[in-house]
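Everything on this sheet refers to the single structure shown next.
The values are calculated or read from the model by the stated rules, or taken from the named source; none is laboratory data. Predicted model, so just to flag it, every value in this text is computed and none were measured. Cβ: placed from backbone, ideal geometry, glycine included. Neighbour counts: every protein chain shown.
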Amino acid sequence: MTQTLQTASPAAGPDGQAAARDRGGTAQPMLIANHLKKYFALRSGMLGGRAGEVKAVDDVSFSVRKGETLGIVGESGCGKSTLARLLMHLIPMDEGEMIFDGDPVGTPSGLTLRELRRDLQMVFQDSYSSLNPRLPVQDSIAYGPRVHGMDRISARDLARGMLDKVGLRPDLFGARYPHELSGGQRQRINIARALALSPRMLILDEAVSALDKSVEAQVLNLLRHLKRDFNLTYLFISHDLAVVRHVSDRVLVMYLGQIVEIGPVDAIYDAPRHPYSKALLDSRLALDPGERIDEAPITGDPPNPANPPSGCRFRTRCPFAESVCSTTMPTLGDEGPDAHLVACHMMAPGSGHSRAAGRTGAQPCPVPAL
C-alpha cells in the first residue's frame with residue numbers, strides 16, 4: 001500500500017501564515033507513511049546476545065489527508081503507541097519512509113526533525129509524567145517557542161494566550177505546577193503546549209482515556225473546536241471505540257504490528273470486513289440489557305510478537321482460518337481517497353480461501369457458525 005507524492009496548486013489556509021505553510025496543496029496528504037518497521041531486540045545471557053526481536057510495527061503504510069481525523073484502534077500491544085512515536089521520530093525506525101505535506105523527512109533534500117516538529121506535535125496519555133514537575137505550566141508551554149527562537153517575553157505572552165484558548169484562566173493557572181492541577185486541567189495544558197508552535201497536525205495518543213467521562217467530554221469538545229479554529233489534522237489513538245467513532249473520519253485497525261483494515265468510519269463500524277475488526281466491535285458493551293453478550297466475541301491473547309504466526313497473524317484466533325491463511329500473508333492493496341481496504345483472504349477473490357469465491361470485495365465479514 002505504498003503512497004506516492006501528489007501535486008496540486010497551493011490551497012489558501014485560514015490565514016496567510018497557514019497558506020504559506022501548505023506546501024503540497026489540497027490534493028497532497030498531510031502525512032504519508034510507507035512500509036514503516038520497528039523491531040525491538042531481545043537480549044539474553046550474560047553477554048546480552050541477541051535472542052530474537054519483537055516486531056512492534058511491521059510494514060505499516062497509510063496516509064492522512066489534510067483536515068481529517070484518522071482514528072487508530074486495536075488491542076493493547078498491537079503497536080499503536082510505537083507507531084505514534086515512530087511518526088514523531090522519538091524512536092528511530094528500522095525501515096520505511098515518512099513524507100509530510102510532500103516533503104520526505106530526515107533526508108538531505110527534505111524536512112529536518114526541527115522543521116517537522118514545528119508542524120507535527122503529540123499529546124501523550126499520561127498528563128502528569130509528560131509535564132516537567134519543576135516548571136510552572138506557563139513555562140512548560142513557552143519552552144517550545146523559546147527553543148525555536150522566540151524571546152522570553154513573547155513566549156510567555158504566547159503561553160498565556162494558549163492557556164486562554166484551552167479554557168484555563170492565565171492569571172489563575174499560569175503560575176501553578178502540574179501537581180496542583182486535576183487530570184483534565186493537566187491534559188488541557190498538554191494540548192496548549194502542543195499548539196504553542198502552531199502545528200498543522202496533532203497525534204493524540206490515548207489523550208482522554210485517563211479522564212472521567214464528564215471531563216473526557218469537555219476535552220473532546222475542546223479538541224473539536226481547536227481543530228476547526230486552527231485548521232488541524234488529527235491522528236487519534238484510543239481503546240474507546242465509541243469515542244473513535246464520534247471523532248474520526250476514517251479508522252485504521254491494527255493487530256500484532258500490522259494494519260488489518262482501514263476505511264471510512266461508518267463503513268467499518270456498520271459493516272466490518274476483517275474478522276478481527278468485527279470481533280473488536282462486537283466486544284463493545286451495550287446499554288440495552290436485552291443486547292448483552294453471553295460469550296466474548298474473541299478469546300485468548302494475541303500471539304507472541306517475537307514469534308508471530310506465519311501467514312495471517314490473526315489465523316490462530318480466527319473462526320474462518322484455512323490452510324491458505326497459514327502459508328500466505330494477506331495484503332491491503334493500494335489506498336484510494338475513500339477506499340475500504342482489508343487484509344483478509346476471505347475478501348480477496350482468487351486467494352484460495354473457500355469463502356472468497358465469487359466475492360466482489362464489498363461484503364461484510366461473515367458471522368461464524370455457533
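Here is how the numbers come out for the structure above:
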quantity	calculated
Criterion violated by E206 - all others in (1) under 19 Å from the mean Cα position of the chain (by Cα); (2) at negative phi satisfied	(2)
Whichever residue in the range 140-156 is loosely packed, with under 15 Cβ neighbours inside 10 Å and charged (D, E, K, R) and, among such residues, is nearest to E115 (Cα to Cα)	D151
Enumerated helices (runs of 4 or more DSSP H) restricted to the range 257-341, each holding at least 2 residues that are farther than 25 Å from A242 by Cα and touching a residue at least 24 places away in the same chain (Cβ under 8 Å)	323-327
Candidate set from the range 314-334 (those that are of a type outside the set (A, V, I, L, M) and touching a strand residue (DSSP E or B) at 6+ places or on another chain (Cβ under 6 Å)); member that is modelled with the highest pLDDT	F314
Residues of the range 306-341 classified as among the hydrophobic types (A, V, I, L, M, F, W, C) and touching a Leu at 6+ places or on another chain (Cβ under 7 Å), total	3
Which listed residue is in contact with a Ser or Thr (Cβ under 7 Å, 6 or more places away or on another chain), loosely packed, with under 15 Cβ neighbours inside 10 Å and among the polar types (S, T, N, Q), from S310, S214, S283	S310
Pair list, Cβ under 8 Å, 6 or more apart: the range 100-117 residue over 21 Å from G149 (Cβ atoms) and touching a residue at least 60 places away in the same chain (Cβ under 8 Å), other residue surrounded by 16 or more Cβ atoms within 10 Å (Cβ to Cβ) and β-branched (V, I, T)	none
Residue match in the range 228-235 (condition: in contact with a Gly (Cβ under 8 Å, 6 or more places away or on another chain), modelled with pLDDT of 95 or more and under 27 Å from P319 (Cβ atoms))	no
Looking only at the range 211-248, and only at residues there that are part of a helix (DSSP H, G or I) and either in contact with a Leu (Cβ under 6 Å, 6 or more places away or on another chain) or charged (D, E, K, R) (or both), the one that is farthest from L87 (Cα to Cα)	K213
Selected residue [surrounded by 19 or more Cβ atoms within 10 Å (Cβ to Cβ), in contact (Cβ under 8 Å) with a residue 24 or more places away in the chain, assigned to a loop (DSSP other than H, G, I, E, B) and not polar (S, T, N, Q)] from V208, V251	V208
Residue within the range 37-45 that is surrounded by 14 or more Cβ atoms within 10 Å (Cβ to Cβ) and modelled with pLDDT under 75 present	no
Condition met for I189 (in contact with a Pro (Cβ under 9 Å, 6 or more places away or on another chain), on the phi < 0 side of the Ramachandran plot and among the aliphatic types (A, V, I, L, M))	yes
Residue match in the range 181-203 (condition: of a type outside the set (A, V, I, L, M, F, W, C), in contact with a strand residue (DSSP E or B) (Cβ under 7 Å, 6 or more places away or on another chain) and in a strand (DSSP E or B))	no
